[in-house]
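Next up is a structure, given as structure tokens.
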Amino acid sequence: MIEQEATRREAVRRGLLAGGAIASAAVVPAAFRSSRAFGQADTSTASGDTGIIEGAVGIEQTAVVVYRTIAARGLLGPATPVAELFAKQEQEHADALIAALKGLGGTPPAKPLPTDIPGFTEVQSGPEALAFAVSIENQELAHYIEGVKKLEDPNLIKAVAQIVGNEGQHLVVLRQALSTDPMPVSLPTGEEKT
Amino acid sequence: MNVETQISRRRLFQGLGLATVAGAPVLLAACGGSDTSTSSSSDEVSDLKIVQSAQAMELAMVAGYTKVAALLDPKSAPLGQEILTQEKAHATGLATVVGDLGGKPAAPKSDAEYEQALGLAGLKNQADALKFADDLENAAIFAYVDAVARLTNGDLRGTFCSLATDEAEHGAVLIGLETGNAPAKQSPAAFVTGTKGAFTL
């Protein structure tokens with residue numbers, strides 16, 4: 001029994017180490033790492049649930065700006081309503097998280113401007129817009145999957161689980177528009193490239 | 001498929017680094033739980049029970065999609081097969097984790113038992129199959145969302161959110177097959193809750 005317990009503890013130790021490796025790898029696309037939008041998440045001085053939700057608000061606000069801009073520029077042509085729909089849903093995520101953040105005593109980060117989002121001004125075509133949106137969705141997913149590991153409030157945990165499902169739905173629609181596999185992995189973490 | 005399965009198992013295992021003990025069974029309405037064994041802390045036992053139940057649920061999903069995939073037309077069949085492959089990866093990954101943590105994974109029920117529990121005999125055509133699969137995904141999403149906040153292990157919560165995301169992706173693909181890829185129906189609401197169904201974790 002003691003030997004079995006020692007084996008389990010070793011498995012736990014190895015698992016924790018591996019988990020740490022995943023945490024460092026589960027990042028946003030390289031082009032975005034230094035963005036102001038992501039900086040909102042990364043430079044937060046808030047800790048615990050407040051910091052995680054503050055970061056999530058920043059990312060959701062970035063997604064709203066991206067979809068609204070894509071729609072306003074007509075980059076998706078007849079599929080513009082898709083960008084409008086996703087902007088609306090990302091805004092719903094942001095609104096709910098802002099309410100939660102204020103409840104925790106935090107302050108919502110400022111909304112980014114389109115020009116604050118690195119690489120976004122270079123997006124000129126429908127396929128580029130779709131690919132950029134996929135990257136944003138994966139960034140959101142990565143933040144939530146990592147964040148939910150540390151969240152303590154059960155209601156926030158449940159909310160995150162409901163939001164990631166919606167981001168997954170967005171990814172399916174975007175990938176189908178790009179004619180790529182709509183569900184490329186069985187365990188999405190946001191690390192996916194497309 | 002092998003690579004996918006291996007990656008899934010690795011990630012599941014890496015994501016489950018904290019749980020250390022075995023647990024007791026949790027009965028599932030449709031698919032059954034797993035065996036009993038000894039335990040230490042109640043939190044850890046609770047987590048393992050949930051994981052074991054999730055593994056049994058995924059086995060039922062595999063049984064369901066095996067039937068569904070057989071009813072899809074040639075155009076839709078590849079996506080059905082892909083979903084089936086991913087559900088198998090979930091079941092395999094969760095079983096591996098349960099075993100690694102000292103629990104006993106649930107064994108698959110017989111085809112007849114799944115057919116009875118899930119009502120598979122009533123599926124006659126593609127429309128039946130897609131509706132059934134959509135219900136199955138919604139039940140799984142509900143189960144994962146409902147369970148995730150009860151998990152005491154943070155890494156497990158991350159894994160369950162990934163699983164809920166994948167089931168939501170499957171749902172969007174299924175609705176796409178039914179509607180000819182209509183985004184407003186594939187992504188109908190900002191918060192994906194699923195629907196209370198056959199599974200309880």
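Do we find a residue being of a type outside the set (D, E, K, R), surrounded by fewer than 18 Cβ atoms within 10 Å (Cβ to Cβ) and either modelled with pLDDT under 95 or assigned to a helix (DSSP H, G or I) (or both) anywhere in the range A:33-41? Please lay out each step first, then the result.
So the first thing to find is which residues in the range A:33-41 are of a type outside the set (D, E, K, R), and the list is A:34-35, A:37-41.
Pick out the ones that are also surrounded by fewer than 18 Cβ atoms within 10 Å (Cβ to Cβ) and you get A:34, A:39.
When the remaining residues are screened for being either modelled with pLDDT under 95 or assigned to a helix (DSSP H, G or I) (or both), the result is A:34, A:39.
For the range A:33-41, residues of a type outside the set (D, E, K, R), surrounded by fewer than 18 Cβ atoms within 10 Å (Cβ to Cβ) and either modelled with pLDDT under 95 or assigned to a helix (DSSP H, G or I) (or both): present.
Only one of (1) surrounded by fewer than 24 Cβ atoms within 10 Å (Cβ to Cβ); (2) under 24 Å from A:Leu151 (Cβ atoms); (3) at pLDDT 95 or above; (4) not aliphatic (A, V, I, L, M) fails for B:Gly176. Which number is that?
(2)
Let me ask something else about it. Consider the range B:181-200. How many of its residues are within 12 Å of chain A (Cβ to nearest Cβ), surrounded by 15 or more Cβ atoms within 10 Å (Cβ to Cβ) and either touching a residue at least 12 places away in the same chain (Cβ under 8 Å) or of a type in the set (Lys, Arg) (or both)?
5
Considering only residues of the range A:120-137 that are surrounded by fewer than 21 Cβ atoms within 10 Å (Cβ to Cβ) and free of Cβ contacts under 8 Å to residues at least 60 places away in the same chain, which is nearest to A:Val82 (Cα to Cα)?
The residue in question is A:Gly126.
Let me ask another. Is it the case that some residue within the range A:91-98 is in contact (Cβ under 8 Å) with a residue 60 or more places away in the chain and more than 13 Å from A:Glu60 (Cα to Cα)?
Checked against the condition, which is being in contact (Cβ under 8 Å) with a residue 60 or more places away in the chain and more than 13 Å from A:Glu60 (Cα to Cα), the range A:91-98 yields no hits at all.
Among the numbered criteria (1) modelled with pLDDT of 95 or more; (2) closer than 14 Å to A:Ser186 by Cβ, which one does B:Thr96 miss?
(1)
Oh, and also: For B:Gln81, are the conditions met, namely being at pLDDT 95 or above and surrounded by 19 or more Cβ atoms within 10 Å (Cβ to Cβ)?
Numbers: at pLDDT 95 or above: yes; surrounded by 19 or more Cβ atoms within 10 Å (Cβ to Cβ): no.
For B:Gln81, the condition - at pLDDT 95 or above and surrounded by 19 or more Cβ atoms within 10 Å (Cβ to Cβ) - is not met.
Which of the residues belonging to the range B:85-103 are under 14 Å from the mean Cα position of the chain (by Cα) and within 11 Å of chain A (Cβ to nearest Cβ)?
Within the range B:85-103, the first condition is being under 14 Å from the mean Cα position of the chain (by Cα), and the residues that meet it are B:85-95.
Of everything in the range B:85-103, those that are under 14 Å from the mean Cα position of the chain (by Cα) and within 11 Å of chain A (Cβ to nearest Cβ) turn out to be B:Thr85, B:Gln86, B:Glu87, B:Lys88, B:Ala89, B:His90, B:Ala91, B:Thr92, B:Gly93, B:Leu94.
Across the range B:36-56, which residue is modelled with the lowest pLDDT among those that are assigned to a helix (DSSP H, G or I) and polar (S, T, N, Q)?
Our first condition is that a residue be assigned to a helix (DSSP H, G or I); within the range B:36-56, this holds for B:42-56.
If we keep only those that are polar (S, T, N, Q) too, we end up with B:42, B:46, B:52-53, B:55.
Values: B:Ser42: 78, B:Ser46: 84, B:Gln52: 96, B:Ser53: 96, B:Gln55: 97.
Restricting to residues being assigned to a helix (DSSP H, G or I) and polar (S, T, N, Q), the top hit is B:Ser42.
Taking the range A:165-186 on its own, how many of its residues are over 23 Å from A:Ala79 (Cβ atoms) and either of a type in the set (Gly, Ala, Ser) or crowded, with 24+ Cβ neighbours inside 10 Å (or both)?
Narrowing the range A:165-186 to residues over 23 Å from A:Ala79 (Cβ atoms): A:185-186.
If we keep only those that are either of a type in the set (Gly, Ala, Ser) or crowded, with 24+ Cβ neighbours inside 10 Å (or both) too, we end up with A:186.
Number satisfying all stated conditions: 1.
Results for (1) within 14 Å of A:Tyr67 (Cα to Cα); (2) more than 9 Å from chain B (Cβ to nearest Cβ), shown as yes or no for each residue.
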{"position": "A:Ala94", "(1), (2)": "yes, yes"}
{"position": "A:Pro127", "(1), (2)": "yes, yes"}
{"position": "A:Ile136", "(1), (2)": "yes, yes"}
{"position": "A:Ala142", "(1), (2)": "no, yes"}
{"position": "A:Lys150", "(1), (2)": "no, no"}
{"position": "A:Lys158", "(1), (2)": "no, no"}
{"position": "A:Gly165", "(1), (2)": "no, no"}
{"position": "A:Ser179", "(1), (2)": "no, yes"}
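A follow-up question, please. List the helices (runs of 4 or more DSSP H) inside the range B:96-201, counting only whole elements, that have at least 3 residues being farther than 25 Å from B:Ala77 by Cα.
Values: elements: B:111-118, B:126-148, B:154-179, B:183-186.
Here the list reads B:126-148, B:154-179.
Can you report the number of residues in the range A:149-184 which are under 19 Å from A:Gln139 (Cα atoms) and among the hydroxyl-bearing types (Ser, Thr, Tyr)?
1
For the range B:128-168, enumerate the residues that are charged (D, E, K, R) and within 11 Å of the chain's Cα centre (by Cα). Before you say what the answer is, go through the steps one by one.
Residues of the range B:128-168 that are charged (D, E, K, R), as a first pass: B:128, B:131, B:134-135, B:137, B:146, B:150, B:155, B:157, B:166-167.
Passing the criteria: B:Glu137, B:Asp166, B:Glu167.
Report, ordered by the first and then the second residue, all pairs with beta carbons closer than 7 Å, sequence separation of six or more or different chains, a first member in the range B:79-95 that is part of a helix (DSSP H, G or I), and a second member that is aromatic (Phe, Trp, Tyr) and at pLDDT 95 or above.
Close Cβ pairs satisfying both conditions: B:Gly80/B:Tyr65; B:Ile83/B:Tyr65; B:Leu84/B:Tyr65; B:Glu87/B:Tyr65.
While we're on this one: For the range B:145-180, give me the residue count where each residue is more than 7 Å from chain A (Cβ to nearest Cβ) and among the hydroxyl-bearing types (Ser, Thr, Tyr).
Total meeting the criteria: 3.
The values are calculated or read from the model by the stated rules, or taken from the named source; none is laboratory data. Bear in mind that the values here come from a model prediction, so they are computed numbers and not experimental data. We place every Cβ from the backbone using ideal geometry, glycine too, and count neighbours over all the protein chains shown.
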